[in-house]
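Visitor: Shown below is the structure under consideration.
The values are calculated or read from the model by the stated rules, or taken from the named source; none is laboratory data. Owing to the predicted nature of the structure, the values given are computational and were not obtained by experimental measurement. For neighbour counting, all protein chains shown are included, and Cβ atoms are generated from backbone atoms with ideal geometry for every residue, glycine included.
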């Protein structure tokens with residue numbers, strides 16, 4: 001029988017610097033916690049500094065001697081993204097791991113500070129810009145990885161609406177979330193290809209947590225929340241389990257660029273982390289390139305690869 005991958009498989013991270021966005025809650029917290037327990041210097045890149053400090057203290061309590069740093073990062077503001085990236089570049093000569101984990105889900109119609117639809121602006125454009133501003137540090141660091149957290153929702157009523165990326169004409173919060181998660185995968189695949197073409201050994205990978213019970217679910221449609229209350233034990237998993245695909249993408253020595261990890265159970269809802277396959281649409285290289293160009297235009301961040 002094949003051994004199931006668990007946190008016991010995470011190798012030593014001593015000497016490595018890992019940045020995890022949204023690490024004060026959800027699957028980001030156990031992701032950061034395990035990396036710190038394995039010896040990494042972990043940066044909790046969070047919007048709320050007080051919550052970040054409490055999370056850092058909780059992690060330090062389970063990982064004696066761990067180096068846990070809190071960095072303010074508001075992905076709904078490109079000014080904040082640029083400020084955070086600049087401060088991190090000043091603080092660290094090397095960055096080994098960037099885990100683009102933070103996100104919002106099924107929110108009512110709102111705009112970011114830069115006028116982007118909130119889910120697309122936070123989940124995709126904020127992380128796109130943040131990665132672009134740090135990517136040269138990663139390409140200079142041997143063994144570096146960029147892991148972006150996607151979702152099985154990239155299959156649910158999802159498309160990249162190039163004619164109305166910001167949903168200004170009408171708004172469907174489920175479809176808007178699907179667009180943002182589809183964009184996460186397209187970004188990962190295009191980044192992996194560009195890094196390889198650039199001759200960089202840095203890896204770009206993606207992961208999804210299945211259905212994990214976190215506060216991200218708070219804006220879900222009522223019928224979905226009802227289903228989870230009735231059948232949640234059958235189809236969901238705790239945040240610690242949901243973090244495993246991200247941790248495998250970030251640390252498994254056998255992982256290769258462009259890989260996508262998710263749970264191995266029924267419809268990838270829960271289970272142990274394995275390599276999975278995303279939708280055909282997500283792997284359309286023409287769409288990936290078009291989204292990349294539009295993302296550079298919208299954010300003003302041009303990647304050096």
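Visitor: If I filter segment 258-297 down to residues being in contact with a helix residue (DSSP H, G or I) (Cβ under 6 Å, 6 or more places away or on another chain) and within 17 Å of residue 191 (Cα to Cα), which single residue comes out as surrounded by the most Cβ atoms within 10 Å (Cβ to Cβ)?
Guide: 261
Visitor: Quick check, is residue 155 surrounded by fewer than 22 Cβ atoms within 10 Å (Cβ to Cβ) and under 22 Å from residue 208 (Cα atoms)?
Guide: Values: surrounded by fewer than 22 Cβ atoms within 10 Å (Cβ to Cβ): yes; under 22 Å from residue 208 (Cα atoms): yes.
Answer is yes for this residue.
Visitor: Would you pick out the residues in segment 1-25 that are over 24 Å from residue 131 (Cα atoms), in contact (Cβ under 8 Å) with a residue 24 or more places away in the chain and not in a loop (DSSP other than H, G, I, E, B)?
Guide: Those that are over 24 Å from residue 131 (Cα atoms), in contact (Cβ under 8 Å) with a residue 24 or more places away in the chain and not in a loop (DSSP other than H, G, I, E, B): 7, 9.
Visitor: I'd like to verify a number: residues in segment 116-146 that are in contact with a helix residue (DSSP H, G or I) (Cβ under 8 Å, 6 or more places away or on another chain), free of Cβ contacts under 8 Å to residues at least 60 places away in the same chain and either in a helix (DSSP H, G or I) or closer than 26 Å to residue 40 by Cα (or both), how many?
Guide: 5
Visitor: I need the helices (runs of 4 or more DSSP H) fully contained in segment 26-115, keeping only those with at least 2 residues that are within 21 Å of residue 252 (Cβ to Cβ).
Guide: 28-37
Visitor: Please work out if residue 41 is in contact with a strand residue (DSSP E or B) (Cβ under 9 Å, 6 or more places away or on another chain) and either at pLDDT below 95 or more than 21 Å from residue 116 (Cβ to Cβ) (or both).
Guide: The answer is yes for residue 41.
Visitor: Which one is farthest from residue 283 (Cα to Cα), of the residues in segment 162-183 that are part of a loop (DSSP other than H, G, I, E, B) and under 21 Å from the mean Cα position of the chain (by Cα)?
Guide: Selected residue: 166.
For every residue, the table says whether it meets (1) more than 18 Å from the chain's Cα centre (by Cα); (2) over 25 Å from residue 40 (Cα atoms); (3) in a helix (DSSP H, G or I).
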{"residue": "246", "(1), (2), (3)": "no, no, yes"}
{"residue": "253", "(1), (2), (3)": "yes, no, no"}
{"residue": "262", "(1), (2), (3)": "no, no, no"}
{"residue": "271", "(1), (2), (3)": "yes, yes, no"}
{"residue": "274", "(1), (2), (3)": "no, no, no"}
{"residue": "277", "(1), (2), (3)": "no, yes, no"}
{"residue": "294", "(1), (2), (3)": "yes, yes, yes"}
{"residue": "297", "(1), (2), (3)": "yes, yes, yes"}
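Visitor: While we're on this one: Consider only pairs whose beta carbons are under 6 Å apart and that are at least six residues apart or on different chains; among these, list those whose first residue lies in segment 198-222 and is on the phi < 0 side of the Ramachandran plot and surrounded by 21 or more Cβ atoms within 10 Å (Cβ to Cβ) and whose second residue is at pLDDT below 95 and part of a loop (DSSP other than H, G, I, E, B).
Guide: 211/236
Visitor: Now for a separate question. From the list 250, 243, 254, which one is crowded, with 23+ Cβ neighbours inside 10 Å, out of contact with any helix residue (DSSP H, G or I) (no Cβ under 7 Å at 6 or more places or on another chain), closer than 22 Å to residue 143 by Cα and modelled with pLDDT of 95 or more?
Guide: 250
Visitor: Further question: Considering each residue of segment 158-173, count those that are surrounded by 13 or more Cβ atoms within 10 Å (Cβ to Cβ) and in contact with a helix residue (DSSP H, G or I) (Cβ under 8 Å, 6 or more places away or on another chain), and give that number.
Guide: Going through segment 158-173 one residue at a time, the tally reaches 7.
Visitor: If you don't mind, there's one more thing I want to ask. Just a yes or no: is a residue in segment 87-109 closer than 19 Å to residue 293 by Cβ, touching a residue at least 24 places away in the same chain (Cβ under 8 Å) and surrounded by fewer than 21 Cβ atoms within 10 Å (Cβ to Cβ)?
Guide: Scanning segment 87-109 turns up no residue that is closer than 19 Å to residue 293 by Cβ, touching a residue at least 24 places away in the same chain (Cβ under 8 Å) and surrounded by fewer than 21 Cβ atoms within 10 Å (Cβ to Cβ).
Visitor: Do we have any residue at all in segment 196-207 that's closer than 16 Å to residue 285 by Cα and part of a helix (DSSP H, G or I)?
Guide: yes
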